[in-house]
Every structure is written in structure tokens, then in C-alpha cells.
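Visitor: Just dropping this structure here.
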Amino acid sequence: MKLWAKFAAIFSTLVILGGGFTVVYLSTAFLSEFRSIQETNLLSVAEMSKEAYTAYGESTTVRSIDWSSDGYLRATVEEMTDPDVSPEKQKELSLILGEYLRVNKISYDPRVLIVDVVGKDGIVIASSRADRIGTDEGAEEREKQAARISDALSAKLGEAYMSTMVSEVDEDELHPMTHVTVRLFSTRQDENGQLIPLPAIVLVHFISDDITRGFLRGGAVHENHGHADAEVFSVRYDTGEIYLARAPGGLILTVPREGKEGIVLNAKVPANIARVCAEKREDFHGEYINYEGTLVIGAMECIEDGRTMLFAEVAAAEAFAPFYDMQRKIIFAILGVLLFTVFFSIFVSKSILRPLNEIVGVADRIAKNDFTARADVRERGEMGQLARVFNTMLDNITRYQKESEEKAKELNEKVVAMEKQNVFLKDVRKAMLNLLQDSWDLGASLKKEKEQSMSIITSMNEGLLVVNKKKEVILMNPTAEKLLEVKLADIAGVDPGTIFRTFQGDKELLGDDKLIPMTMKGGKSITVGIDDNFFVQTPSGKRFPVTVATTLLTSKDNEGVLLVFRDVTEEKALNDAKSNFISIASHQLRTPLTSIRWYSEVLNDGSMGPLNEMQADFMKEIYQGSLRLFRTIDTLLALSRVESGKFEENRAILDAKVFVEGTVKELEPLLNEKKITTHINPEDALPNIFVDAFMLKEVITNLVANSIRYTNEGGVIDIDLKKEDDHVLCIVRDNGIGIPEAQKAKIFERFFRADNAVSKVPDGSGLGLSLVKELVEKWGGKVWFESKEGEGTTFFVTIPAAKDASGA
Amino acid sequence: MQTDSPSSSTSTEDKKKKTLLILVLEDDPHLNRIIVHKLTGRGYNPILATNAQEAIDILERGEPVDILWLDIRLPGMSGLEFLKYVKEQEKFSHIKAFIVSASGSVEDQEKALRLGAAAYIVKGNHDLDEIIEQIIAE
């Protein structure tokens, strides 16, 4: 990486990190500040509405107290509640009072819907609406927790109780209602000058529609700035809302607006917020899920009764929209600054570091011996100074170099002159030596040596051919002449490749694949053996197998190739005969043996008439003998095939369990004969094996056959198969005669048979175990055994496991 | 020929015997004599050929041969070459062929199965009864 790029990268990274940090820090700080401002605003909106609500409450209580002080009302009620007055009179008074209330009270205040007079048992005894007489307001109180009748019944003069708002059906419409209760006092005074309380109260029903709309807009009742603020609030926010709620009923009064029909909603405020008011009489502000299920930021003002709350809230999405907008703008701004900074840093680092780069480049060229290089730096300041010093230094170096070159040239000329003199002296010395040689007559003995060599070459049994660098024949012995059917005189100076053809098997060797060019090219000797299948064909068409050895000749003035070859027709025939022997022996021995087996089988099956006991027994001997001979021949053939190297391993992936079962099944006649049971115990998840099927079959057959042979009737043979590292361990265990301690070492030797084995089964071949060992070692495995004479023998064989294939 | 399952009833077995024509191609006079004897004794109908040409003649003259019993090493055309010839002729390709050879060579075995032999049996390793059971079972 170039210096300027490194600089720019580091600088940009720092700027980006700084920018990122700034964005995160500012976002967090701004968000918390913004939230706090929003909440404070909402709280003050809610507070203003609360003030309006309280003012409204005061106005209703004042109105109610004023009405309850009406003298006629008090006098009439006193008379009605007098226990001495007859019920008829009471009824009459009640109707008159009702009429009085309707005409003289209701018509003066449109906010008032009904005025009731309620007895101490909570039953309406008189009302501006006659149909309400007898209504149990006490029950209604308990049910709705609305009119505070019980409080009022024990109140002092001038006290009134306002209920929280409730919804009530009036003329089939739901309206928010406020109820105010005031205790009635007699017009008379007691002995202390106190007004005597009556056992009744006045209950005034206020319709609060307009009022509610007013204070929920932020204080229409009180004409103060709160109203204007709340208007701004609802205009500013689409989702802004101020509402009154009452716990625990969950009644919510809100201003009708788009998407909301009524002003009375049966919905619940969040329980945790309701608790703040009910238990602590405290206000609340923060984020919460409102009665519509929307995440909002809002404030709650708690009214003193602990059940009425005023909410001002805005959907969080809208409330924070300005913030997120601002945040986006800040991020864009910072990204812009970042980009600018990165480009600027690249530009600056390039322009500052360019001169330095120039100097580095020049130094590089000088390192490659280009002393003409000069730094092209026109800058002032340190950089320019550095470049100038550098260039001056280079000038000096060039001057010194030129001087030393001139001196070297001078020296060189002197050396050349001296060398010429030297060569002359050498020539003189050589001439003198030649003179001496002639006089000592060395030539005679050289001639003798040459003759000796020639006689060896002439008489040798191998053909000998020497070619020079141009591949022309320059020497050939009589054997070669005879074999190749040419005379040296006829082909001297010709490329032998144009006369004889060479084959490897059926394929003709051409061009550079021929031995002479190959030797020259490869620069080393080549040996061709009998198994390489080389043939030479003479011009007459005679073809014979050869073994060849080539040698590269590199004497000073005679470079070439020496080629010695031998006609191996006879050896080859012998070799072929040897390899044919195996298959011939197989056929020639097995066919007559098959005859013996099958004829004795047929004689024994009774189809040719019954044999007497002795005849049948003898026939069985012949049959058994043929079987044994088959095994011996098979073993012997396998052994010689493996030993001669003619056996080609043909590995395949096999299922060890299936293979062993199949092999043991073929030994069933032998097993049945001696009533020996076998158990094959493969381990779970045994891998497949990778081995030549013929070899494995020979090994298993020989081991199991041995176990059968040397185990008493009714014995047991166990064959375990286990996974071990990269192989499968096959264990053949019998409870037979075992192997004597002294003879354990010789057990794998050919034709060796242990003493106890010989006495038990006299006619074993002693070949089985040596074949087993040969085969197991050929596949790269190991075979060993554990044995105790008289108790049994266990053989262990390792078989390579197939790679990445499980035997499941 | 479509053979029935090995567990067929005795009557089917008898019927099969009468109709089963087995062409035995075996040059060794000692072996072919005992094979023919055994097959006849067990109630099958063997025809003997001692070389491939003889066997071809028998097939060509329209003998309804059901099973071929073939040796490999024969004078002239080998058993495997004969098998190849038979399997290439559409009119004979349905005949089940069994190689019964003295050679246990893996190459011969692979070649025989590739050419369409129903099974490869190594001669000396089995009794005649075993071989016949296997052929009938196939």
C-alpha cells in the first residue's frame, strides 16, 4: 500500500469513527431532551384542563348550594318529612314542590337537567320530573358510585359534593353528567342558633356536554390562555387528545373528533397509571399504551378524589416525528462532512506525500543500478531541500562510478595481454610433451589394449551398437549384426531408427520415445527388463523380444549412445510357461478331481443300486479325499499365484458380515459332519471393508476350516468382527486342541504341522496358515493368535476398512 | 421359460421336469457322462454337446432348450464366446445360461455375469445335486 493511501485510510477511519460517535451521542442526548420537553408540554396542557375542570366543579356546587337555600324548598321539605303528616298530604306536597322546581329553578339554568329531593333512605321524594318519585338513588349511588348522597346526609351547611362525571341516557342519547348533592336545612334554628338539618338532600343533575367539550379543549370555562394553548395543541398534532377518565369504571370522556362518534367511551385507562392517581394522588407523564392500543407520550393530572384523571397525550410516532426528521438531517449532514473529509484527506495526503514518493521511486531505480535517475521535486521547504540533497548525492555517486570504471578498464587490458602470453607458453609446453611421447613409443601398448577390448566386444553374447551424436551407427559387434540381420558396413553412418522398428507390447515406439533419442534427451542410462515387453523387428520382418541397456557416452570428442541388447525369446517363453502353469494346473488337476467327486457322489446316492455298508463307507472315503485334495490344490495354487507376483489384487468394498456369513455357509458340510456350531458376532455400525474378495475368502476359509479340523465334535467356533482404528478386526475363536507352547513360533511356516495336529488329523497339508499369512500381509494387514493347548485357539486378522463408507 | 418359485408343489415340480430341456456343453467325456447320467436320473431331459458348434446346431435345429449348462474351456469356441453368441440372438436370448467351469478366476466370473449368465458355478466346489438344485431354483 502506498504511503498516501495508508495515511488517507487511517485519517478517514478516524473521521468516520468520530462522526459515528457524534451521531450516536447527539441522538441519545437529543432524544432524552426532546422527550422531556414533550412531556412537560403535555403535563401543562393537562394541568390547564384540570384547572378548567375544577372551576367547572366549583360553579356547579355554588349553583347547587344556592338552590338548596331556597326558603320555600326548605319549608316544603320540612313539612313533607314531618312524620305526623299523612301520606296523602306528602304526595300532594311532593307534586307541588316538583312543579315549583321545574318552573322556578330548571328554566333558569340550561345546564341543569333534573333537580331531585332525596330522602334519608335514598328514595326520591320529590323531583322536577314527576316520574322520578320513588326512584332509589341510594341504589344508583352504590351501583355507579355517582351521587354522594350518604356524604351529603351528614354534611354541614354550605357543603356540596360533586360526583365525577358519569354517562347517563337522556332522550336516548348518552351524555356526560355531573351530580351535585347538598344537604337541606330547616328554616328554623335550634337553641344554639344553628340551623336544624332536614333528613333530605337536593340532588342536581347537570348535563356536561358543552362544559366537557370546553375543558377538554383546554379551559373554555375559564377564559384564560390555556384554551388557546390547547387549541394549538389539537391543531398541531393530528393524534393529540385531551380526555377525562374515571377509574375504576374505565369511563373516558373525550371530545368528538374524526373517527370518534361520541364523547363518552367505555374504555379503560392503563391500570398502572390509574394506580398512580388512586393510591398516591400523583400526576404522571411518560410513554404508555393508551386506551386505543396506541403507543403514546402523554401526561395525566390526578383530581383530588383519586378517581378522576385528565389525560393529554400524543401518539409517540407523531410526537417524535420531528426528532427523527432532525436526526436524519444530522446524519446526512455528517455523512456529507465525512465524504468531504475523506476526499480532502486523500487529496492532501497525495499532494504532501507525492514528493516523498518521487524520492522513494528514484532510490528504487538507483537500487537497480540506474544512476541517471533524479528526483523531480520543485517544492520549497523541507521536501524540496531533501530532494536537492538527494540529487547532489546521486551526482557524486555517478562521478565516482565513472572514474572507477575507467580504472577497471585499464586493469582489464593489462590482464588480457598477460593471458595471451600465457597461452603461448602452454602451446610450447604441449609441443615439447608430444616430442617426448613419440620418443617413448607409447603407441604400441595403446594398440594392444584396443585389441583386447575389441576381442571382448566381438565375442560377447549381447548385441552391441554405438551411435554418435547425430544418431549414426559407428560401431556394431557380430552378435548385433547377426540378430539385426545387417552388416556394419552397410549401415555405418545411418540412423538405426530408420532400419529397425521397436515395439513395447503391440505399440510401436516412434520419434523421441525410442531408446536412443530418449537416452540422449534424458542424459542418463535406460534399462529395459523382460517384463517390459520390448520387441525389435528387423527389415526382413523377424521380430524378437529383447532386454536392453543404454549408456550415454560423453567422452570429449565422441559423444553418443552405447546400446547393449539381448534376444530373450527363450527366457520369455519360459516366463510365459510359468505363468500359464497356474491356470493349466488349475484346469488339469481340478477336472479329473471333479470326476472323482461327482462319480463317487452318484455311486453313493443309491441311484446305481445299493452298496453294502463297507462299499458305501469306502466310497465316502474317496469322496472326502477328493474334497481334501481340492482344498490343498486351491491353497497351493493361491500360494504360488501370490508368490510369483502374478496375482493382481482386485480390491472392492465389501460388507464384512455378509461376506463372512457367505464364506462360512460354504463350509456347512464340514461343520455338519462334526456337529460344530458357529456364531458370527458383528459389532454394531461395523464399517465396510476394502479388500480383494478372493484373498479374504481364502483367509476366512482356511482359518475356519482349521478350527473345524482341530476341534472335537460338538465344538463351538465364534467369529467376532470389530472396528479398530482404520481396520476391521476379525477374530476366529475355537475350543479345539490348541497349539503346543513349544511349537507356536513355527505355526506360520510352510508344511509345518504341530505334533498334536498331526496325531489328530494325519493328512493336513501344512500350507493353510502360510497362505493366510502371505495374503494378510499382502493386503497390509496383520495376523496373530492366542492359544492354550487343550483349551482352544483364537486367530486375529486385520482387514482394511473402506474409507468414509459405513457398513450400517 | 419362466420358472415358478422354488417352493412350488410336487405336481408342478414333476411337470417342470418333463418339460425342462437342458443343453449340457462339456467337452470332458468323464464329466459330461456323469452329468447327463445324474440329470436323467433326476428326471430332467439333458442334451449333450461337446463343442460350441454342436451346441449351436442343436439350438438352430429348433430344439426347445430351457437351460444351458456351459463349460468355459472348450476346443475351438469357448463357453463364454458361445454365451455371447446366444445372448445376441433374439430367438435364444431368453434361455437361462449357467456357467459351470473349473476356473475360479474372477475375470471369467465377471465376464460371464456381464454377458448375461444367470449364475457362475465353480465345478469342483459343489456336488452335482447342489448344482442342479441351484439351477432349478433360479
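Visitor: I want to check the label-to-label distance for A:Y400 and A:F347. Put each point 7 Å from Cα in the C-beta direction and report it in nm to one decimal.
Guide: For the pair A:Y400/A:F347, the computed spacing is 4.4 nm.
Visitor: Around B:V100, under 9 Å between beta carbons, what's the net of Lys plus Arg minus Asp minus Glu among the other residues?
Guide: Overall, the nearby charge balance is -1.
Visitor: Let me ask something else about it. Placing +1 at every Lys and Arg Cβ and -1 at every Asp and Glu Cβ, with all other atoms neutral, what dipole size does chain B have around its Cα centre, in debye to the nearest 20?
Guide: The calculated dipole for chain B is roughly 240 debye.
Visitor: Does the range A:651-800 classify as rounded, prolate or oblate by the C-alpha gyration tensor (a ≥ b ≥ c root eigenvalues; a/c under 1.5 gives rounded; else a/b over b/c gives prolate, otherwise oblate)?
Guide: Note, shape of the range A:651-800 comes out prolate.
Visitor: Would you mind pulling out the separation of the Cα centroids of the range A:530-556 and the range A:47-62, in Å?
Guide: 129 Å
Visitor: Arrange the following residues from fewest to most other Cβ atoms within 10 Å of their Cβ: A:W67, B:W69, A:W784.
Guide: A:W784, A:W67, B:W69
Visitor: Measure off 7 Å from each Cα along the Cα-to-Cβ vector at A:E282 and A:E58, then give the distance between these two points in nanometres to one decimal.
Guide: Taking the two extended label points, one gets 2.7 nm.
Visitor: Let me know the mean shielding of B:117-126 by other chains, meaning the per-residue number of their Cβ atoms within 10 Å of its Cβ.
Guide: 4
Visitor: Within the set of other residues whose C-beta is less than 15 Å from the C-beta of A:A745, count the net charge using Lys and Arg as +1 and Asp and Glu as -1.
Guide: Cβ neighbours under 15 Å give a net charge of 0.
Visitor: Name the shape class, rounded, prolate or oblate, that the alpha-carbon gyration tensor gives for the range A:457-567, where a ≥ b ≥ c are the square roots of its eigenvalues, rounded holds for a/c under 1.5, and otherwise prolate holds if a/b is larger than b/c and oblate otherwise.
Guide: Rounded, since a/c falls under 1.5.
Visitor: Once R0 is set to 35 Å, what does the formula 1/(1 + (r/R0)^6) return for the Cβ-Cβ distance between A:M518 and A:S455, expressed as a FRET efficiency to the nearest 0.05?
Guide: 0.70
Visitor: Let me ask another. Using Cα atoms only, what is the angle between the long axis of helix B:79-88 and the major principal axis of chain B, expressed in degrees (0 to 90) to the nearest 10?
Guide: 70 degrees
No lab work stands behind these numbers, since they all come straight from the coordinates. No experiment lies behind these values; they were computed from the predicted model shown. Positions of Cβ are backbone-derived with ideal geometry, glycine not excepted, and every protein chain shown enters the neighbour counts.
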